[in-house]
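Each remark here refers to the structure printed beneath this line.
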Amino acid sequence: MKLSLKSLLALVTICAAMVAVGSCVNRNFRRQTIRLHDTAQVANRYLMPLLQLPDDAADVTIYVDFGAEEAEFAISEEAFLTWCNDLGWQIAPLTEPTVYFEPMCLAADRRIVRRGYTFWPPHGQGVFDGERCRACFWTSTFP
């Protein structure tokens, strides 16, 4: 079998395109992952880098798939505020009672939070419950 230089170049270009598309598909269409009552270190293996939880987070539950990332975890108020500030996320004290967690995929927790914060991770929203020292957030990972 004899290939011309033009055919060889076309074949290499097609192979490179397939590798590039495969990389994107692997990242954007990854398998659904649910981890219950885990550590921050284990959860961070599945979360996108810009959503990494601090080491202070405990009892972590996450949901990760191609279109959403959700997390619910225990964390002190001081560690929560440091984490949000370090990541540059906007934080606002709650001005009225709000529902704790209304995710798209994980189980909802409809308890009312009276003292805490609302925060905004990239493409999402979260709540910190100051009485229970727990935080939760959901984000959309669609580009």
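Among the numbered criteria (1) within 17 Å of residue 78 (Cα to Cα); (2) part of a strand (DSSP E or B); (3) of a type outside the set (Val, Ile, Thr), which one does residue 138 miss?
Going through the list (1) within 17 Å of residue 78 (Cα to Cα); (2) part of a strand (DSSP E or B); (3) of a type outside the set (Val, Ile, Thr), residue 138 breaks only (1).
What strands (runs of 3 or more DSSP E), lying completely within the stretch 16-119, carry at least 2 residues that are surrounded by 11 or more Cβ atoms within 10 Å (Cβ to Cβ) and modelled with pLDDT under 95?
Counting at least 2 such residues, we get 33-38, 58-64, 68-74, 98-101, 109-113.
I'd like the residue in the stretch 134-143 that is among the hydrophobic types (A, V, I, L, M, F, W, C) and open to solvent by 40 Å² or more (accessible area, probe 1.4 Å) and, out of all such residues, is modelled with the highest pLDDT.
Once the filter is applied, the top-ranked residue is 138.
Can you report the number of residues in the stretch 120-133 which are open to solvent by less than 30 Å² (accessible area, probe 1.4 Å) and more than 21 Å from residue 56 (Cα to Cα)?
1
With the requirement that a residue be over 21 Å from residue 140 (Cα atoms), of a type in the set (A, V, I, L, M) and without any contact (Cβ under 8 Å) to a residue 60 or more places away in the chain, what does the stretch 58-92 give you?
58, 79, 81
The values are calculated or read from the model by the stated rules, or taken from the named source; none is laboratory data. No experiment lies behind these values; they were computed from the predicted model shown. Virtual Cβ from ideal backbone geometry, glycine too; neighbours counted across all protein chains shown. Side chains included, ligands, DNA and RNA excluded: accessible areas come from the protein's heavy atoms. Shrake-Rupley method; radii C 1.70, N 1.55, O 1.52, S 1.80 Å.
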